[in-house]
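Participant: Would you mind keeping the following structure in view while I ask a few things?
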Amino acid sequence: MSAKHAGATIAGITLLLVLCARAQAVPLRSLNFTYRADIPISNPAAKKLEAWIPLPREDAFQQVRDLKIDTPIHFEIVDQRSNGNRVAHLEALAPLPATIPIAITFVVTRREEAANMVAAARDIPEPADGHFAAYLAPNRLVP
């Protein structure tokens, strides 16, 4: 191996070690969550109950593990890929009990998310074409 290639290899290894050290320096925190609820049935004559309960989402800064849903009624997890949300869809048919218990447990591991201060400090001029004018105008009450 030539000295030129050895220098490039050492520089590449050094860069890799620096990147690994930075990745390991980012604080991680794991938290256990348990949500419990009793869904009251307000109309005992109802023929069907449906409930949609938001579930934690995953992204580059948050991982969800060991998601468990405990309820006596039928449920499914619906992944709404278009917006990244997940929900538990519960469904029960008559005869309905007075309440329906549900417990949702999971472990979340969070990686610290820091603002990009370089991007935040950029001086970006406001649009001059009036594109946001409708959003910035005062609300008008309609009689």
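Participant: Restricting the search to the range 1-52, which residues are modelled with pLDDT under 55, open to solvent by 70 Å² or more (accessible area, probe 1.4 Å) and not aliphatic (A, V, I, L, M)?
Facilitator: Across the range 1-52, the qualifying residues are 4, 5, 24.
Participant: Give the number of residues within the range 62-95 that are open to solvent by 70 Å² or more (accessible area, probe 1.4 Å), touching a residue at least 24 places away in the same chain (Cβ under 8 Å) and within 13 Å of the chain's Cα centre (by Cα).
Facilitator: Total satisfying the criteria: 2.
Participant: Quick one: count up the residues across the range 96-142 that are more than 23 Å from residue 65 (Cα to Cα) and surrounded by 10 or more Cβ atoms within 10 Å (Cβ to Cβ).
Facilitator: Qualifying residue count for the region: 5.
The values are calculated or read from the model by the stated rules, or taken from the named source; none is laboratory data. These numbers come from a predicted model, not from an experiment. All Cβ positions, glycine included, derive from the backbone under ideal geometry; neighbour counts span all protein chains shown. Areas reflect the complete protein model, heavy atoms only, side chains present, ligands, DNA and RNA absent. Shrake-Rupley method; radii C 1.70, N 1.55, O 1.52, S 1.80 Å.
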